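Below is one structure, written out as structure tokens; the observations come after it.
Each value in this text was obtained by applying a stated rule to the coordinates, not by laboratory testing. Because the structure is predicted, anything quoted here is derived from the model rather than measured. For neighbour counting, all protein chains shown are included, and Cβ atoms are generated from backbone atoms with ideal geometry for every residue, glycine included.
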């Protein structure tokens with residue numbers, strides 16, 4: 001099987017890292033399946049392969065991953081260049097904006113695509129492709145950093161301690177389970193409204209019906225799933241990757257995966273994702289002190305050394321995958337995380353580069 005992550009992270013001799021990745025074989029397989037589908041030459045869509053490859057190359061380059069940009073550029077070089085028309089210029093602009101400033105890819109930026117002639121199905125496909133390559137870039141960077149970190153040893157130099165978070169006394173916070181509202185972020189349940197037409201469940205195709213059934217118990221009443229169902233095969237593959245990363249047994253505790261994804265969402269400005277995963281952390285950990293710290297200042301959050309290391313590594317991989325390296329994982333190892341826990345952290349952070357971009361660029365959070 002092709003394994004783009006292994007190739008670009010140069011894992012040929014990294015047997016420990018490869019063995020760790022095999023403990024997450026479902027995530028490895030799902031990640032490659034997403035790439036293969038999104039960039040399949042025969043994918044039925046209105047975005048020719050050359051345009052999809054050019055988008056992938058642009059996102060990889062903007063993410064600071066020249067190896068990934070070269071991977072897509074090599075395929076692109078064998079095809080005729082995309083036509084430089086108004087439609088393509090709208091796609092290019094949206095791609096650059098979403099790759100580098102996801103919170104700025106607002107309703108006006110999205111609706112410029114249909115105005116330039118891109119249909120809803122192809123707009124959803126474009127958003128999925130941009131999100132996927134943002135995820136893939138951070139996965140390449142994180143896995144390469146894990147391989148460069150090498151196996152744990154008793155002689156390893158201690159990592160630089162993370163700065164202490166500002167103390168938030170529990171008496172000053174709502175009880176876990178009660179809405180936490182700070183800096184425009186919240187742990188309460190929000191709704192989400194699409195900016196594009198969604199699939200009508202009563203008129204959905206058999207393939208769309210099947211993927212809605214498999215995606216989420218409330219998918220038929222969720223604008224998010226009903227919008228992504230315009231591309232049912234892509235939604236199905238993305239769901240495989242999501243489940244393989246967020247719900248895999250063992251490794252990084254579920255609460256800490258939720259903490260990492262809340263940090264990513266806070267940094268990217270995704271109020272909806274931050275609310276969902278802050279709430280899940282509270283449900284699992286039975287506390288909300290670190291969530292309050294993340295909402296106040298994500299760069300210094302964490303109630304202990306381990307949490308601070310998770311938060312800071314999550315922030316570094318989110319903001320600058322191109323400069324992410326073993327130095328960004330050293331504090332996690334010093335805090336006692338195993339290689340599998342390190343990989344789970346990388347997977348969760350990378351995944352929400354994708355999830356946030358979908359939530360931020362296809363619709364908006366709706367407060368009660």
For this session: Pull out a ≥ b ≥ c, the square roots of the eigenvalues of the alpha-carbon gyration tensor of the range 285-368, then state rounded if a/c is under 1.5, prolate if not and a/b is larger than b/c, and oblate in the remaining case.
Result: oblate
Problem set entry | the range 75-98 versus the range 5-30: alpha-carbon centroid distance in Å | 31
Problem set entry | Value at 222 nm in deg cm²/dmol, rounded to 500, when DSSP H runs of n ≥ 4 in the chain each add -39,500 (n - 2.57) | -19000 deg cm²/dmol
Exercise. By its C-alpha gyration tensor, with a ≥ b ≥ c as the square roots of the eigenvalues, how is the range 261-315 shaped: rounded for a/c under 1.5, else prolate for a/b larger than b/c, else oblate?
Worked result: oblate
Exercise. If R0 is 35 Å, what FRET efficiency do you get for residue 111 and residue 10 from their C-beta distance, rounded to 0.05?
Worked result: 0.25
For this session: Subtract the Cα-Cα distance of residue 284 and residue 86 from 0.36 nm times their separation in residues, and report this length gain in nm to one decimal.
Result: 66.4 nm
Problem set entry | Relative frequency of Cα-Cα separations exceeding 38 Å in the chain, percent | 15
For this session: Would you mind calculating the relative contact order of the range 170-366 from Cα pairs under 8 angstrom and at least 6 residues apart, reporting the percent as a whole number?
Result: 28
For this session: Please tell me the relative contact order of the chain in percent, rounded to the nearest whole number, where contacts are Cα pairs under 8 Å and at least six residues apart.
Result: 26
Seminar exercise, completed: By Cβ neighbour count within 10 Å, fewest first, 359, 1 rank 1, 359
For this session: Find the relative contact order for the range 186-301 and round it to a whole percent, using C-alpha pairs within less than 8 Å whose residues are 6+ positions apart.
Result: 28
Problem set entry | In range of the label at residue 103: residues from the range 249-264 whose backbone nitrogen is under 17 Å from the point 7 Å along Cα→Cβ | 261-264
Exercise. By the gyration tensor of its Cα atoms, with a ≥ b ≥ c the square roots of the eigenvalues, what is the shape of the range 52-136: rounded for a/c under 1.5, prolate for a/b over b/c, or oblate?
Worked result: oblate
For this session: Quantify how much of the Cα-Cα distance distribution of the range 170-366 extends past 23 Å, in percent.
Result: 45
